[in-house]
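Contents: one structure, followed by commentary.
All of the numbers you see were taken from the coordinates with simple rules; none came from a lab. All figures in this text were calculated on a predicted structure; none of them were measured in a lab. Using ideal geometry, Cβ is built from the backbone for each residue, glycine included, and neighbour counts are taken over all protein chains shown.
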Amino acid sequence: MRKKIVAGNWKMHLTLPEALELAGGLKADISIHENVEVIVAPSFPFLHPVCEILKGSSIGVAAQNMHWAESGAFTGEVSASMLLSVGVDKVILGHSERRRYFGENEEVLQKKIKVALNNDMQVIYCVGETLSDREAGIHFDIVQRQITDVLSGLSQAEWKHMVIAYEPVWAIGTGRTATPGQAQEMHKFIRQTVAETTGEEVAQGLRILYGGSVKPANAAEIFARPDVDGGLIGGASLKAEDFLSIIQAAK
Ligand code: PGA
């Protein structure tokens, strides 16, 4: 049985007081976290205070990005050891917004993932096709390439730290969700791809999250699909009430 994950990607939203209020609100309703791994991903300046506020709860904290070098002259960047030193041992990598607006390509992502895994961090690696990919019927090829090009060198032990988030780009922040059937179809394909390249055991243990306009109203139906192991939630993770009801839907 794979434990479901519900992760909130706060993106470039909230001020410090708002972030603390949100984290505090999630922590207060602690009973809801049984049987579901809950993660929040605040922006860099809020990571440490959010970690502090969530101490003593089971809610994990992830960064939304990270640099591939351990340290050095990389103005504006943040390293794995910096994150670990403030209590953050998880990171989202390869989000489509990072790929699209910040030019992150397969080569960069491979390096980032390697560094995260060398530091025993949990990685939520995002994949997903654009609308034109889907319309051209190449969505399976695109997602397969995003997985094999970046993850094929990982050892079985490293895979234990990996989570994949399938986020069709056309569904992110658009209000347009993949149907539960479309999500299941792609998640099953991702699991098969991992089984072929890395083996059945790793594939069966891998958590694959769906992301893209998940809301309280559609979460349960999507999470009920056999290969959907939870969600990566953007907009709806910014309100404690909505995020908690999405967590509830994963139980
Ligand atoms: P959304 O974002 O839930 O606002 O569509 C999801 C994501 O980008 O992770």
- request: Could you please let me know if Phe223 is touching a helix residue (DSSP H, G or I) at 6+ places or on another chain (Cβ under 6 Å), more than 19 Å from Thr179 (Cα to Cα) and more than 9 Å from the ligand (Cβ to nearest atom)?
  value: no
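From Val228, Val194, grab the single residue that is touching a residue at least 24 places away in the same chain (Cβ under 8 Å), in contact with a strand residue (DSSP E or B) (Cβ under 6 Å, 6 or more places away or on another chain), more than 14 Å from the ligand (Cβ to nearest atom) and not polar (S, T, N, Q). Working first, answer last.
Numbers: Val194 fails: in contact with a strand residue (DSSP E or B) (Cβ under 6 Å, 6 or more places away or on another chain).
Every option except Val228 fails the conditions.
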query: Any idea how many residues of region 197-220 are of a type in the set (A, V, I, L, M) and within 13 Å of the ligand (Cβ to nearest atom)?
result: 4
query: Just one of Gly212, Gly173, Gly235, Gly199 is in contact with a Pro (Cβ under 9 Å, 6 or more places away or on another chain) and touching a residue at least 40 places away in the same chain (Cβ under 8 Å); which is it?
result: Gly212
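Filter region 1-31 down to the residues that are of a type in the set (S, T, N, Q) and more than 16 Å from the ligand (Cβ to nearest atom) and list them by number. Explain how you work it out, then say what you get.
Within region 1-31, the first condition is being of a type in the set (S, T, N, Q), and the residues that meet it are 9, 15, 31.
Thr15, Ser31 - these are the residues of region 1-31 that are of a type in the set (S, T, N, Q) and more than 16 Å from the ligand (Cβ to nearest atom).
If you check Val108 against the conditions, is it within 12 Å of His67 (Cβ to Cβ) and buried (at least 17 other Cβ atoms within 10 Å of the Cβ)?
On the way: within 12 Å of His67 (Cβ to Cβ): yes; buried (at least 17 other Cβ atoms within 10 Å of the Cβ): yes.
Judged against the criteria, Val108 is a match.
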query: Out of the residues in region 152-175 that are more than 9 Å from the ligand (Cβ to nearest atom) and assigned to a loop (DSSP other than H, G, I, E, B), which is surrounded by the most Cβ atoms within 10 Å (Cβ to Cβ)?
result: Pro168
